[in-house]
């Protein structure tokens, strides 16, 4: 565990304020659920709760099935990271932070189809995976659909391709929307 040097007091209602710097670094937003753990040494640990991550193996199996059906790379993300990968290297994508385009899709709660993502003016903000370098997007076509549960966007299903001249169409968008809807229903139960 890494010490921050920050000390906070508990108020009369039992609340503790998580400093803004830590919330920004850990991508904790207002309303985000946190899990509370206690270890044997008496430490209290707060961990971001990921309902999509709870589906773990199920999300991976669903991604595998979708990949077999469409032959394109399938990524399933929670609000922060890629949690399931099919059709590509896990090392390259699994647990990597999502990019601004995925955050925007979740915020807007609307599926998008993007052909030729590198033709946009600001390619960095349009990449699925957030990275520190200024390399162009890795994909030639993308479909992103938010996973929505009880009005809250909690993740996204992403269908993408690296193949030159690949164009996504309405079929891929409907598949992504259907997958996102199905995963959302699984989490609502």
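The values are calculated or read from the model by the stated rules, or taken from the named source; none is laboratory data. No experiment lies behind these values; they were computed from the predicted model shown. Glycine gets a Cβ as well: all are built from the backbone with ideal geometry, and neighbour counts include every protein chain shown.
When residue 74 is tested against the conditions (1) modelled with pLDDT of 85 or more; (2) out of contact with any helix residue (DSSP H, G or I) (no Cβ under 6 Å at 6 or more places or on another chain), the lone failure is (2).
Reported count of residues in the range 15-27, each being farther than 16 Å from residue 130 by Cβ and assigned to a loop (DSSP other than H, G, I, E, B), is 5. Restricting attention to the range 135-180, the residues being free of Cβ contacts under 8 Å to residues at least 12 places away in the same chain and either touching a helix residue (DSSP H, G or I) at 6+ places or on another chain (Cβ under 6 Å) or closer than 18 Å to residue 61 by Cα (or both) number 1.
If only residues of the range 76-105 that are within 18 Å of residue 148 (Cβ to Cβ) and more than 9 Å from the chain's Cα centre (by Cα) are counted, the one that is surrounded by the most Cβ atoms within 10 Å (Cβ to Cβ) is 84.
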